[in-house]
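Take a look at the structure set out below.
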Amino acid sequence: MRLNKSVNYDRFESHVHGFRLSLLVALIIVLSFILILRLAYLQFSQYKRYATLSLKNQMSIIPIAPSRGIILDKNGVILADNIPVYVLEIVPERVSNLADTLQKLKKLLPSITDDDLESFNHARGRNHSYVSIPVKLKLTQEEVAIFATNQYQFPGVSIKARLMRYYPLAETTSHLLGYVGRINVQELQQVSTTNYRATNFIGKAGIEKYYEDTLHGKVGYHQIETDVSGRTLRVLSKQTPVSGEKIYLTIDSRLQQVAYEALKDKRGAVVAMNVSNGDILAMVSSPSYNPNIFVNGISSKDYQKLATAPDKPLYNRAVRGLYPPASTVKPFVAIAGLEKGFITPSTKIYDPGWYRLPGVTHKYRDWKRTGHGVINLKRAITVSCDTYFYQLGNKMGISAIEDMLMQFGFGQLTHIDLHEEAPGVVPSPSWKRGSKGVHWYPGDTLITSIGQGFMLASPLQLANATASLSQHGRRFRPHLFSHAIQDRGETYDFKPLEEYPIQLKDNAYWGLVAEAMQNVIMSNEGTGYRFGRDTPYTVAAKTGTAQVFSGSQYEKKSYAEIPEALRDHSLFIAFAPVEKPEIAIAVMVENDFVASAVARKVLDAYFQLNQPQEIP
Amino acid sequence: MIINQTRPMYRFTPKSLHIDFPLLGLLVLLIMLGLLILYSASNQNIGMVLRQSLRLFLALGIMMVFAMIPPHKYKLWTPWIFGIGLALLIAVIIMGKIGKGAQRWLDLGFFRFQPSEIMKLAVPMMAAWYLDRKSLPIDLKSLLVASILIFIPAILIAKQPDLGTALMVITAGVCVIFLAGIHMRIVLFLATIAALAAPLLWHVLHDYQKQRIITFLKPENDPLGTGYHIIQSKIAIGSGGAFGKGWLAGSQSHLNFLPEHATDFIFAVNGEEFGFIGGVILIILVVLISLRGLYIAREAQTTYTRLLAASLAMTFFLSAFVNIGMVMGILPVVGIPLPLVSYGGTAMVTFLASFGILMSISSHRILFNNMR
């Protein structure tokens, strides 16, 4: 019975399998027929076309670099442009003896350096031999003429007009924009080799680097037919490259220039920002360098000179320079004390000119040796009373200070659209253990509350925190990108990014600190007297003096007698107008007291440039 | 003594080698043609041809060993082979995770191999082994189990990432299910589902895999990248015409315009040098080998061997079809070599091993159906 069923079943199964097998046979026949049809199509019907392409001539694909997007300021002033230059190029395939040709070229045009030859060899390694590769960028008119008369000796070598990056404002915008330079091997590994096939330059720093993808565009190509000797016979097809996007920055180049001039011959930085959306209006670091020499391919000697200069011109002090904020931190510490309930606006102390921790003999001195007498918080900010903040800091403890400073964005990246930014330091016991390996002492809290000691902040962070102060705790992420226009003409805007706001128990605290800061300028005992009181706009500000060297040997000496490198740094933060704040600014000048004067020039320029339009 | 007399005297005959001579003949023809093309494609590099020949001899040896193993042993070993293959695949993935990168190879010190190659054989064996025990018609539960047996190794292989091999493993398994007698309605239903699921699958693919499909659909979009391969291989084939430019005379292949001309794109060299005639001969050889495989499946005596034989034959054919289709620009560029012709060892060993199994199935015939 079982056997019988099995036999029947097997027969049924074999039948099914047999049918399915025939279907598979049919599938094989059909698919192979498709292959043969395709083969016939390629080899009979398309034979002529492909035979022409392959036999008599060769088909080459020549990549065409997209033109890099230009960079403009908020008013449409060009900050980074593309200008045509003469470039000496070689198609390696058409040169019989390359080494010999390069030697002869070098003799003819002595400006060709070994660096040029090295990057030529690099580029040659990653391209087809029929692609034209630059040897020397930016030939002078004279060199063009010399080569033109000798061109017959150099088959395969030619002069081409190419677009090159040019920064019209040069030193004024160098740290901000960064620069482009020839692509190196490491950079090539991080980009699409297809898209960069024809590209020689890549953003190396600043905006040029941060927005590389946006600025670069998309490669195009010519599919061309060439004869045996490599001459182009005709263009078979063409794909035009897509230009990089035109980027508008939030920078006002006029303000930028004023700030740069104000800082000239000094070491320091200025950051000015729109308080209501995070737009950076000016960002200057001094001393500066000319970015145009990088585009041309800076020689390693010149580069070494720039990189090792004691003034560090390559260093973007505005976002990367970290300094003790000194007294400019006091308004923020004051907010912390009020918010956490350690003081009230009316809390008064007596300042004898020093503060002493209980049970310790060491005196923490006020900058004013005679002291400020009986003093409340508002006046303590105005006169920058150290003693007041020593006792406040001691009452609060470091964690309360740390918490509020972190809320204002210190000790962390602001996430501005630059890669160079440094996070700075808001010290805490765990930070000190981790980085110094020692305990936190109560004295550390005291000096932190007057912005000395371990705390480090960048001018950008100071400007950003000042903007938050002026906006009663609303915070916007600082940014440089305003909007971009694509190749096809489409525009897209940057949306201001609002960060998590600072909320206080009582909004009157903001007003109190702002008034105290206005008195820094307006009061007779305010520390901001150097700023001047004759402005047509109102200002709330705070000065700061960071000690570079503290020692009795210089205390009695006059300013001129102290060596420059040991003079104090000066800092200045401000927002204006006080009633309806528009702009926040942070100025830092190394070894000089002029920060407030620099800020004055920039703010004056801002209000002059942004005068409300008078109705005729 | 009496017992000895009743047993037939052992005499060596060609039959005791268990070789299927029609299949062997066709394979040798294809292999010879392949070496001829390789000599030209490698720019007359005799070293490459010798290395390939050495591998072929080794692989032919493996084929003969596989042919001598009787089919019921394969059936007995199937779950073990599948289990070990799966374990090796997982081992490779774990090692890849540790080594932070794609990893297909398992390095045993003296010997490296790809566990995914084992799966090309183990998956159809396992599917046949499982479905062999189920009665017709196949219910949905068995179908589900069979699919899981196929897709788990396939997904592991695709993650390596080796999309080409994963597709081949799926093809082999699906052939078994199809042949085992799955209801035609289910076939159509699944085909519809697959068509609808394609967009979903798109999201699972690696970027470079997506790029290949986009490039396939519009090669002219990316003439500097992957599209360049397709454009150049079409020029090479098209310029071959009816009779080709002659052996060693293909300009495209020798001027290095054609990339990968010894491995994945070797069919283009054949097309350029031997023309339409050469292309058709190669395709016909592939078809005849596959049909011989299906014939062996038809004559097979058990369900297990029948399902397995047909699946192995179809895997061979579809590999060749996908490769040739890709080179001629009608299928996307997936990294599948042309079986027995492309330069390179691992896939060749697997294919000749699978032909060994086919020969075993065709030559070990039993008179009574007592093995089921």
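Below, the figures for the structure above:
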{"read-out": "Residue satisfying all of: in segment A:487-517; out of contact with any Gly (no Cβ under 9 Å at 6 or more places or on another chain) and surrounded by 15 or more Cβ atoms within 10 Å (Cβ to Cβ); modelled with the lowest pLDDT among these", "value": "A:PHE494"}
{"read-out": "Total residues in segment B:312-322, condition more than 10 Å from every other protein chain (Cβ to nearest Cβ) and either on the phi > 0 side of the Ramachandran plot or not aliphatic (A, V, I, L, M) (or both)", "value": "3"}
{"read-out": "Pairs, first in the same structural domain as B:ALA194 (by TED's automatic domain parsing) in segment B:142-170, second surrounded by 22 or more Cβ atoms within 10 Å (Cβ to Cβ) and in a loop (DSSP other than H, G, I, E, B), C-beta under 7 Å, six or more apart", "value": "B:LEU143/B:ILE182; B:GLY164/B:ILE336; B:MET168/B:ILE336"}
{"read-out": "Listing of helices (runs of 4 or more DSSP H) fully contained in segment B:232-327 that carry 2 or more residues being within 19 Å of B:SER360 (Cβ to Cβ)", "value": "B:266-299, B:303-327"}
{"read-out": "Residue in segment A:132-145 that is touching a Leu at 6+ places or on another chain (Cβ under 7 Å) and surrounded by fewer than 17 Cβ atoms within 10 Å (Cβ to Cβ) present", "value": "no"}
{"read-out": "First in segment A:18-38 and under 18 Å from B:ARG292 (Cβ atoms), second anywhere and surrounded by fewer than 19 Cβ atoms within 10 Å (Cβ to Cβ) and of a type in the set (Lys, Arg), Cβ under 6 Å, 6 or more apart", "value": "A:LEU21/B:ARG298"}
{"read-out": "Hits in segment B:152-198 - residues which are under 24 Å from B:TYR295 (Cα atoms), away from chain A (no Cβ under 14 Å) and either of a type in the set (Lys, Arg) or buried (at least 20 other Cβ atoms within 10 Å of the Cβ) (or both)", "value": "B:MET168, B:VAL169, B:GLY173"}
{"read-out": "Where A:ASP534 falls short, out of the listed (1) closer than 25 Å to A:SER458 by Cα; (2) modelled with pLDDT of 80 or more; (3) acidic (Asp, Glu)", "value": "(1)"}
{"read-out": "Yes/no for A:PRO331 being modelled with pLDDT of 90 or more, of a type outside the set (S, T, N, Q) and closer than 30 Å to A:LYS138 by Cα", "value": "no"}
{"read-out": "Count - residues of segment A:167-218 that are over 15 Å from the mean Cα position of the chain (by Cα) and among the aromatic types (Phe, Trp, Tyr)", "value": "3"}
{"read-out": "Close pairs from segment A:193-220: first more than 17 Å from A:ILE64 (Cβ to Cβ) and in contact (Cβ under 8 Å) with a residue 12 or more places away in the chain, partner part of a loop (DSSP other than H, G, I, E, B) and among the aromatic types (Phe, Trp, Tyr), Cβ under 7 Å, at least 6 apart", "value": "A:LYS204/A:TYR179; A:ALA205/A:TYR179; A:GLU208/A:TYR179"}
{"read-out": "Helices (runs of 4 or more DSSP H) within segment A:396-482 that include 1 or more residues over 27 Å from the mean Cα position of the chain (by Cα)", "value": "A:398-407, A:429-436, A:442-449"}
{"read-out": "Subset of segment B:274-308 that is more than 7 Å from chain A (Cβ to nearest Cβ) and small (Gly, Ala, Ser) - its residue that is farthest from B:ALA41 (Cα to Cα)", "value": "B:ALA300"}
{"read-out": "Enumeration of residues in segment B:155-182 that are more than 13 Å from B:SER319 (Cα to Cα), among the small types (Gly, Ala, Ser) and touching a Ser or Thr at 6+ places or on another chain (Cβ under 9 Å)", "value": "B:ALA158, B:GLY173, B:ALA180"}
{"read-out": "Segment B:193-210 residues that are on the phi < 0 side of the Ramachandran plot, paired with ones that are surrounded by 10 or more Cβ atoms within 10 Å (Cβ to Cβ) (beta carbon under 6 Å, 6 or more apart)", "value": "B:HIS206/B:PRO161; B:GLN209/B:LEU163"}
{"read-out": "Selection status of A:VAL426, in the same structural domain as A:PHE481 (by TED's automatic domain parsing) and closer than 18 Å to A:ALA465 by Cα", "value": "yes"}
{"read-out": "Any hit, segment A:39-52, residues being modelled with pLDDT of 85 or more, in a loop (DSSP other than H, G, I, E, B) and surrounded by 15 or more Cβ atoms within 10 Å (Cβ to Cβ)", "value": "yes"}
{"read-out": "Among (1) within 24 Å of the chain's Cα centre (by Cα); (2) assigned by TED's automatic domain parsing to the domain that holds B:LYS141; (3) modelled with pLDDT under 80 - the single one B:LYS210 does not satisfy", "value": "(2)"}
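Quick grid of which residues meet (1) over 18 Å from A:PHE481 (Cβ atoms); (2) surrounded by 21 or more Cβ atoms within 10 Å (Cβ to Cβ); (3) in the same structural domain as A:ALA272 (by TED's automatic domain parsing):
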{"residue": "A:ARG165", "(1), (2), (3)": "yes, yes, no"}
{"residue": "A:THR172", "(1), (2), (3)": "yes, yes, no"}
{"residue": "A:PHE201", "(1), (2), (3)": "yes, yes, no"}
{"residue": "A:ALA205", "(1), (2), (3)": "no, yes, no"}
{"residue": "A:ILE224", "(1), (2), (3)": "yes, no, no"}
{"residue": "A:ARG234", "(1), (2), (3)": "yes, no, no"}
{"residue": "A:SER237", "(1), (2), (3)": "yes, no, no"}
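The values are calculated or read from the model by the stated rules, or taken from the named source; none is laboratory data. Here the structure is a predicted model, which is why all the values come from computation and not from measurement. Using ideal geometry, Cβ is built from the backbone for each residue, glycine included, and neighbour counts are taken over all protein chains shown.
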